[in-house]
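The values are calculated or read from the model by the stated rules, or taken from the named source; none is laboratory data. Remember, it's a predicted structure, so these values are computed and weren't measured experimentally. Don't worry about glycine lacking a Cβ; one is built from the backbone with ideal geometry, like all the others, and counts go over all protein chains shown.
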Amino acid sequence: GMGIVSLAREVALDRPVALKLLPPDVAAQPGVKERFLTEARIAARLSHPNIVQIYSVDEVDGFVFFAMAFVDGGTLGDRLRARGPLSNSEAPRLLREVAWALGHAHMQGVTHRDVKPDNILLDQDSGRAMVTDFGIAVVGEEAHAESQKQVVGTAEFMSPEQAKGSSVDARSDLYALGLMAREAITGVKSLGMERPTEMARGIHAGWDDWVRRAVANDAERRFQSA
């Protein structure tokens with residue numbers, strides 16, 4: 001929401017990159033430049049095949065930007081809107097890759113706080129899922145301090161504790177992953193507690209227990225790690 005993303009070419013290495021740019025008028029707003037740079041620094045510390053890689057961060061003539069790997073393909077959100085739910089073979093693979101990425105981030109102390117289909121890029125050639133947009137991610141103890149300032153995130157994928165402005169951790173991301181998984185396999189957005197098998201035909205019954213555990217209101221009853 002605070003940057004402009006363009007396709008660019010890194011001249012030195014002759015490769016396409018995605019360039020996320022913060023214009024000077026936006027950068028002048030209180031706290032925005034710091035938040036933008038924090039996003040770049042957090043993402044840059046993560047090195048995983050299912051996380052979009054950050055190459056560099058710079059500021060030139062008032063323009064703050066960072067360059068990241070260009071993923072040739074749309075988002076999971078685009079895919080669901082265009083073609084409907086994932087197949088029974090596609091869904092477990094894709095969601096497993098997202099979980100691997102989140103697991104890596106959590107091991108580095110990073111909580112994403114905005115896991116949703118529109119923040120999952122799908123590489124066109126390989127089909128690989130890649131997590132992006134760490135714009136509101138927090139690291140370690142910052143998760144508690146940050147939550148006391150304001151409630152941030154996407155409402156339909158927020159865990160109960162995130163929506164209340166309470167302290168969040170990896171399990172909040174896993175709650176969002178559960179909601180995203182339910183939407184991905186059924187093609188239906190829902191804030192209720194419906195079971196996937198009640199929402200669409202042809203859903204394997206095992207998803208009911210998996211989703212119910214992932215989206216438990218009590219974080220202690222959820223999966224404890226990605």
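No other residue among Arg213, Arg182 is surrounded by 23 or more Cβ atoms within 10 Å (Cβ to Cβ), part of a helix (DSSP H, G or I) and free of Cβ contacts under 8 Å to residues at least 40 places away in the same chain apart from Arg182. The set of residues from the range 185-197 being assigned to a loop (DSSP other than H, G, I, E, B) and polar (S, T, N, Q) comprises just one member, Ser190. For the range 1-39, name all the residues that are in contact with a Leu (Cβ under 7 Å, 6 or more places away or on another chain) and either loosely packed, with under 11 Cβ neighbours inside 10 Å or not β-branched (Val, Ile, Thr) (or both). Answer for the range 1-39, where residues must be in contact with a Leu (Cβ under 7 Å, 6 or more places away or on another chain) and either loosely packed, with under 11 Cβ neighbours inside 10 Å or not β-branched (Val, Ile, Thr) (or both): Met2, Gly3, Ser6, Ala8, Pro16, Ala18, Lys33, Phe36.
Listed by position, the helices (runs of 4 or more DSSP H) inside the range 1-93 whose residues that are under 28 Å from Leu179 (Cβ atoms) number at least 3 are 32-44, 76-83. Count of the range 97-140 residues, restricted to those that are in a loop (DSSP other than H, G, I, E, B) and either basic (Lys, Arg) or on the phi < 0 side of the Ramachandran plot (or both), is 16.
For Arg81, the conditions (1) at negative phi; (2) of a type in the set (D, E, K, R); (3) modelled with pLDDT under 90 all hold with the exception of (3). Each residue in the range 79-101 was checked for being out of contact with any strand residue (DSSP E or B) (no Cβ under 7 Å at 6 or more places or on another chain) and within 28 Å of Arg41 (Cβ to Cβ), and 4 of them qualify. Put simply, of Val98, Val64 the only residue that is modelled with pLDDT of 95 or more and of a type in the set (Val, Ile, Thr) is Val98.
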